[in-house]
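K.L.:
Please find one structure pasted underneath; my questions will follow.
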Amino acid sequence: MALEVEDRNNEARLAEQENDLNKAIKLYEKNIREDYADEFAFERLMIIYRKQKEYEDELRVINRAVKVFQQSMEDHLKHSLARHIDGKKLERISNAIIKRSGLKKEEVHFPDPVDKWIKRKEIVEQKLEKNNQD
């Protein structure tokens, strides 16, 4: 799967250079439908849709990106930690860290690119709201 995604990214990048944005969009869209955490395709689509002022499409891509990357991180953590710690012990440790740090469970921080995309989502939602008011 990774090789196919990379091939489509390369083809889409060439399409962008040749100013064939429709072809690039189709290829990037195909890549983001895969449950594969490929930052490049998501980023390029967000940028293209922002430039075209297609904020609803940009928001859809952001939401998909956040979902795919969060799931990927969760799966990675579960698999890597499962070898060393059982689920209940992991949850107790996690809750202890949250309690000690003063955070609430809702205030979970995600590493880039997810954190960056969540901020971008807020901006796009503001743009959509402004457009709906005009």
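K.L.:
Can D38 be described as among the acidic types (D, E) and surrounded by fewer than 17 Cβ atoms within 10 Å (Cβ to Cβ)?
P.N.:
no
K.L.:
Of all the helices (runs of 4 or more DSSP H) wholly in the stretch 25-134, which have at least 1 residues that are among the acidic types (D, E) and at pLDDT 85 or above?
P.N.:
Correct list: 39-51, 55-82, 114-133.
K.L.:
So which residues in the stretch 1-35 are open to solvent by 80 Å² or more (accessible area, probe 1.4 Å) and not charged (D, E, K, R)?
P.N.:
Selection gives M1, L3, L14, Q17, N19, N22.
K.L.:
Follow-up. Give the stretch 44-67 a look and list any residue that's of a type in the set (K, R) and buried (at least 18 other Cβ atoms within 10 Å of the Cβ), or say none.
P.N.:
Answer for the stretch 44-67, where residues must be of a type in the set (K, R) and buried (at least 18 other Cβ atoms within 10 Å of the Cβ): just R44.
K.L.:
If the requirement is being closer than 22 Å to L128 by Cα and over 13 Å from the mean Cα position of the chain (by Cα), which of these qualifies: K26, K30, K53? Steps first, answer last, please.
P.N.:
Details: K26 fails: closer than 22 Å to L128 by Cα; K30 fails: closer than 22 Å to L128 by Cα.
Criteria check complete, one pass: K53.
The values are calculated or read from the model by the stated rules, or taken from the named source; none is laboratory data. Here the structure is a predicted model, which is why all the values come from computation and not from measurement. Positions of Cβ are backbone-derived with ideal geometry, glycine not excepted, and every protein chain shown enters the neighbour counts. To get the accessible areas, we keep the full protein, side chains included, count just its heavy atoms, and leave off ligands, DNA and RNA. Shrake-Rupley method; radii C 1.70, N 1.55, O 1.52, S 1.80 Å.
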